[in-house]
1. For segment 56-82, which positions are in contact (Cβ under 8 Å) with a residue 60 or more places away in the chain, in contact with a strand residue (DSSP E or B) (Cβ under 6 Å, 6 or more places away or on another chain) and open to solvent by 10 Å² or more (accessible area, probe 1.4 Å)?
2. Give L101, L116 a once-over and let me know the one that is within 17 Å of Q32 (Cα to Cα), under 11 Å from the mean Cα position of the chain (by Cα) and either in contact (Cβ under 8 Å) with a residue 12 or more places away in the chain or part of a strand (DSSP E or B) (or both).
3. Of L116, L85, L127, which residue is out of contact with any Pro (no Cβ under 8 Å at 6 or more places or on another chain) and open to solvent by less than 30 Å² (accessible area, probe 1.4 Å)?
Amino acid sequence: MATPAQLIWKLWSTREVEWYRVRHRGSIEAYQDGFIEDIDGSLEFCSDEEYFVYGSPQNAWIFRPQYLETALEISEEGDGGVYLLNPSVVFPNGEWEAWHLASWCGASRYRSFQELMQAEYQRLLNLRKEK
């Protein structure tokens, strides 16, 4: 169950957005340390079948931390979480994959920024109903 503290309260303006790697080098390294290093020194990541699952069956702990190197951070941090746009996954309609990355729940991934915002709106409505 989400609590208000787990919400991200501010999206950044175009002047404030920055590549995730600029402000969060340590976080990227920590996420990558959680993955197994292969014999050739590369990191072992999930398969496409595991990765390209969206919606309720998605496991937020199955993601590709190498994508954090190219992700665009578009929000302030809220309760250990941020919104990211992932240019490494672009859908046929031109939309970048969108993430809600949080240290406590992994990376909830969406097919677009719009899909992410709709899910967050629904979460807010559910919080309101719980009161």
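The values are calculated or read from the model by the stated rules, or taken from the named source; none is laboratory data. Remember, predicted model here, so these are calculated numbers, not experimental data. So basically every Cβ, Gly included, is an ideal-geometry build from the backbone, and we count neighbours across all protein chains shown. Areas reflect the complete protein model, heavy atoms only, side chains present, ligands, DNA and RNA absent. Shrake-Rupley method; radii C 1.70, N 1.55, O 1.52, S 1.80 Å.
1. Of everything in segment 56-82, just one residue is in contact (Cβ under 8 Å) with a residue 60 or more places away in the chain, in contact with a strand residue (DSSP E or B) (Cβ under 6 Å, 6 or more places away or on another chain) and open to solvent by 10 Å² or more (accessible area, probe 1.4 Å), namely I74.
2. Numbers: L116 fails: within 17 Å of Q32 (Cα to Cα).
Step by step, each of L101, L116 is checked, and only L101 is within 17 Å of Q32 (Cα to Cα), under 11 Å from the mean Cα position of the chain (by Cα) and either in contact (Cβ under 8 Å) with a residue 12 or more places away in the chain or part of a strand (DSSP E or B) (or both).
3. Details: L85 fails: open to solvent by less than 30 Å² (accessible area, probe 1.4 Å); L127 fails: out of contact with any Pro (no Cβ under 8 Å at 6 or more places or on another chain).
It is L116.
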